[in-house]
1. Can you flag which of 77/258; 124/344; 55/304 are past 25 Å Cα-Cα?
2. Only Cα pairs under 8 Å and at least 6 apart count here; give the relative contact order of region 41-348 as a rounded whole percent.
3. Give a residue-ordered list of calculated ³J(HN,Hα) values for region 358-369 (Karplus: 6.51 cos²θ - 1.76 cosθ + 1.60, θ = phi - 60°; whole Hz; x for Gly, Pro).
4. Which of the aspartates and glutamates could a cross-linker span from residue 61 if the Cα-Cα distance has to be under 13 Å and same-chain partners fewer than 8 positions apart are dropped?
5. Considering only DSSP beta bridges with both partners in region 41-348, what is the antiparallel share in %, to the nearest 5?
6. Could you give the alpha-carbon Rg of region 106-203 over 2.2 N^0.38 Å, rounded to two decimals?
7. Send over the Kirkwood Rh of region 41-348, from the inverse of the averaged 1/r over different Cα pairs, rounded to one decimal Å.
8. How would 303, 262 line up from fewest to most surrounding beta-carbon atoms within 10 angstrom?
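Nothing in this text is a laboratory measurement; each read-out follows from the coordinates by a stated rule. Worth saying up front: this structure is predicted, and the values here are computed from it rather than measured. Note that we place each Cβ from the backbone using ideal geometry, even for glycine, and neighbour counts take in every protein chain shown.
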Amino acid sequence: MKITLRPNLYFGIIFCLFLNSFNSFSQSNSKSLKKAYQDDFLIGTALGTQHILEKNAQADKLIKEQFNAITPENIMKSEVIHPELHRYNFDLADKFVAYGQKNQMYIAGHTLIWHSQLPRFVYKIQSADSLKMFMEDHIKTVAGRYAGKMNSWDVVNEALNEDGTMRPSIFYKLLGEDYIKMAFDLAAKADPNAELYYNDYNIEQPAKRKGAIAMIKKLQASGTKIDGVGIQGHWSINSNNIKEIEDAINEFSALGIKVAFTELDYTVLPNPWDLKGADVNQNFEADPKMNQYKDALPDSVGTKLANRYSDLFILFLKNKDKISRVTFWGVNDGHSWLNGWPIKNRTNYPLLFDRDCQPKKAYNAVMQLKSGQ
Ligand code: G3I
């Protein structure tokens, strides 16, 4: 039997097929940040111990669904992974790396050399030689153990002051600025395939950015391998720094390195230092104004947060050719370090998912930017 179809029926069928594939495309993308942004940059999250151990089924599902890059929030810091001079503790770090491999995620190491969260024995070191030995042993052992498995390392973390000068850390005091080069060279030797990053907060701000650029240029001029810069991105919904962020993306990228946003969050609560004229003896912890959304996030604040994220991701998309990864500093609001800092026991809402792992308005705003494509 010969079937003949009229032209408008043809059109109808084709239109339905188109609609169907468009719907399934937008549905699958509407569920997942990593899918929506797959052609732009990686979307990462920081994992705590409970996530690495897959203790929370809801969070575990969310991580696997939404993110394609992971960073260990604390367990690769030297205090945890190298607690004593001749003792390393790889238990959780091994599990973290296995988690990333199992789920085919980009694995970012955080961090090899940082003045904070150092093991106690390092604070007792008084000679340049002993500190150098610590650095050599630490980087060779840690980066060496995961060589070929890590995609990147934050080799040096937070080496700069706000004015762009070198932070007077134990490393700087005993080894001078050379410790930065030393760390990158040791990391390149221990894991030649990992991308090596310098990571810091506020380096989108002009003075600190200038210091970071000078430091990176020196490394490059001396033949040291550096592949990228990590702008941490611990920001507040009450400040608008889009212009500085754009300038930073352009200026860092002009050095021929990748730009990653490595620890993104927006506090919705006031910080003590924002309160001009505040009494230094004020008891911030007891002040209800400092924890004003204890029971719930008001809609207006949720909208403000969504607008901040939306403006930021518009900028990220505009500069996607320069950005390698955008990592949130935590999986959901309940997990964020901002509930405990700079004031303990607050209820903050800095991320895209709420305490029940449900998407917030801010999540929808970020997804919305990709829905028309
Ligand atoms: O593990 C101990 C636990 O045994 C102890 O009972 C408990 C008591 O306070 O402390 C636990 O350690 C805490 C650790 O997080 C693990 O939860 C530390 O007190 C706490 O200070 C530590 O905070 C971390 C902070 O770095 C340390 O500087 C935050 O979770 C972590 O999010 C934060 O991450 C840093 C990045 O590495 C670098 N950039 C800034 C960013 C935010 O500060």
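1. Values: 77/258 23 Å; 124/344 29 Å; 55/304 32 Å.
Too far apart for the 25 Å limit: 124/344; 55/304.
2. Working: 501 pairs, mean separation 54.5, N = 308.
Once divided by the residue count of region 41-348, the mean separation gives 18 percent.
3. Values per residue, Gly and Pro as x: 8, x, 9, 4, 5, 4, 4, 5, 5, 6, 3, 5 Hz.
4. Candidates past the 8-residue exclusion: 356.
5. Working: 2 of 37 bridges.
Counting only bridges with both partners in region 41-348, antiparallel ones make up about 5 percent.
6. Values: Rg = 13.0 Å, N = 98, 2.2 N^0.38 = 12.6 Å.
This ratio for region 106-203 stands at 1.04.
7. Details: mean 1/r = 0.0493 Å⁻¹.
Over region 41-348, the inverse of the mean reciprocal pair distance is 20.3 Å.
8. On the way: 303 14, 262 31.
Going from sparsest to densest Cβ surroundings: 303, 262.
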